[in-house]
């Protein structure tokens, strides 16, 4: 293996390039929304770097099993590394315990995995969505070091400031002029909303565009992925 | 060889007020001898990767006939930009990997996708130790009727695409490659496209040279061309009479 001398974690001398900044922002936006009997997890596919777009089609989501999906914005190298770690641990759990990995457990695993790197974080902004034991859709939003909360709808990534207030207003009926009843969204209505917020964010955020992968989780069909094209400019 | 630099915690343990702690002189904190852009395009019958043959020392055109394309296996090739010594270390790593496979004598070889993933993990591990391999790499290959093109950078970012470029090529080359790309593009057409990209790069990228190599991976295996010069044309109106800042518009 490469650089054997670094395998000892307590070795506090190391070869370093002190002026090297190990982080990069590749942008990206992720949205998740939970409904009565479904969950939507969506992630953009553009890989941005400064004012350039090195590629338009990367995968920012990981299907952990047929009822839990993870989507990640931020640094793409960290995203890939994190997805490898989480999917591997979910697989090992399912093989050893012979039962599926639940949504709540996945949230705890993700939080611990992120916090384990508290002092050299994964530069990633995660949303986790899926169905709980009762088949109800729920989502979790996390920051880069593992703080998270269970919510009905959440957005993370470069267009968070553009999308989250719209979701709050439309789904949670926040800041509305008259107090309105929170209504239930059908899967189709929710899909339309998700497509709309990504289309709008793509107009104002240079790191959001090209396409968005929309994962729909239902009890009947498991995880179904659809790619919705956005503007390429 | 690794420089062993005591961390602040270690220094504090042995601090002697009569002695001034001086860090050793560092020569490897930034890239020294560097290669420029690498570009690649995926074709229906193979993949094309090209690089010029310049290795710069700062702004000096230091080594003008240095190959930045290597054959990894019979169906996989690699192009590298960035720090040349780090690139040579990567070549050694790959040689070890391929030699190990050979010694098993079980007909197994690394697929282009495996080589790409392997390099991605190595570069990500090194960046996580804050001691990156300062390179941008393109991996190309052709197996089972499928062409492959992937990129790895010094942060360990890995992705695959139909068209790829590194360095200045991202800004000047990618738009041309995207415009030229078709799913049914042939390797012969692909070579013409990357030649055009290198002509444009030679006109506008100061760390480039008018001498390139083109490598292909097809059904017939990997071939890397001898270095050759590109035809250039310098009597364009814009070159002969460049617009000055005093003109009404710079566009």
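What residues of region B:35-59 lie in the reach of a label at residue A:57, counting those whose backbone N is under 17 Å from a point 7 Å from the Cα along Cα→Cβ? Correct set: B:40-48. Against the main long axis of the alpha-carbon atoms of chain A, helix A:187-204 sits at an angle near 60°.
Helix A:160-171 versus the longest principal axis of chain A: what angle, 0 to 90°, nearest 10, using Cα atoms? Orientation of helix A:160-171: about 30 degrees from the principal axis.
Across the protein assembly as shown, Cα-Cα distances exceeding 40 Å account for 31% of all pairs. The convex hull built on the alpha-carbon positions of chain A has an orientation-averaged projected area of 15.2 nm². Calculated on the Cα set of chain B, radius of gyration then Dmax: 21.2, 73 Å. If you take the Cα centroid of region A:115-163 and the Cα centroid of region B:154-195, the two points sit 34 Å apart.
Dividing the helix sum by the residues of chain B, where each DSSP H run of 4 or more adds -39500 (n - 2.57), gives a mean residue ellipticity at 222 nm of -9500 deg cm²/dmol. For the peptide A:106-119, the mean number of other protein chain Cβ atoms found within 10 angstrom of a residue's Cβ is 0. Maximal additional length on extending the residue A:20-residue A:166 stretch stands at 48.7 nm, based on 0.36 nm per residue less the C-alpha distance. For chain B, averaging the sequence separation of C-alpha pairs within contact (under 8 Å, six or more residues apart) and dividing by the residue count gives a relative contact order of 24 percent. The distance separating the Cα centre of region B:108-136 from that of region A:40-92 comes to 18 Å. Other protein chain C-beta atoms within 10 Å of residue C-beta, averaged over B:142-153: 1.
Report, in degrees rounded to the nearest 10, the 0 to 90 angle that the Cα long axis of helix A:76-97 makes with the longest principal axis of chain A. Around 80 degrees separate the two axes. Extension gain, residue B:178 to residue B:93: 0.36 nm times the residue separation minus the Cα-Cα distance gives 27.4 nm.
Set the Förster radius R0 to 35 Å, insert the Cβ-Cβ distance between residue B:146 and residue A:219 as r into 1/(1 + (r/R0)^6), and round the FRET efficiency to 0.05. Approximately 0.45, to the nearest 0.05.
Among DSSP bridges having both ends in the protein assembly as shown, what percentage is antiparallel? Round to the nearest 5.
Around 100 percent of the beta bridges assigned by DSSP in the protein assembly as shown are antiparallel ones.
Of the peptides B:76-83, B:235-242, A:221-228, B:206-213, the ranking by mean beta-carbon count within 10 Å, highest at the top, reads B:76-83, B:206-213, A:221-228, B:235-242. With the helix formula -39500 (n - 2.57) applied to DSSP H stretches of n ≥ 4, chain A reaches a computed 222 nm mean residue ellipticity of -9500 deg cm²/dmol.
Rounded to the nearest 0.05, what FRET efficiency is calculated for residue B:240 and residue B:107 with R0 set to 45 Å and r the Cβ-Cβ distance? Given R0 = 45 Å and the Cβ-Cβ separation, E is 0.15.
Between residue A:184 and residue A:147, the distance separating the two model label sites (each 7 Å from Cα on the Cα→Cβ line) works out to 3.4 nm. In terms of the mean number of neighbouring beta-carbon atoms within 10 Å, the peptides A:150-161, A:187-198, B:181-192 order highest first as A:150-161, A:187-198, B:181-192.
Between residue B:44 and residue A:134, the distance separating the two model label sites (each 7 Å from Cα on the Cα→Cβ line) works out to 5.6 nm. If R0 is 56 Å, the Cβ-Cβ spacing of residue A:105 and residue B:32 corresponds to a FRET efficiency of close to 0.70.
Counting only other chains, what is the mean number of Cβ atoms within 10 angstrom of the Cβ of each residue in peptide B:125-138?
4
Identify which of B:165, B:220, B:55 has the largest mean-square fluctuation in a Gaussian network model of chain B, with springs joining Cα atoms closer than 10 Å. Evaluated over chain B, the most mobile residue of the options is B:220. Taking the empirical scaling 2.2 N^0.38 Å for compact globular proteins as reference, region A:131-233 has a Cα radius of gyration ratio of 1.15.
Every read-out reported here was derived from the displayed coordinates using simple, explicitly stated rules and does not represent laboratory data. No experiment lies behind these values; they were computed from the predicted model shown. Reconstructed Cβ throughout: ideal geometry from the backbone, glycine too, with neighbour counts over all protein chains shown.
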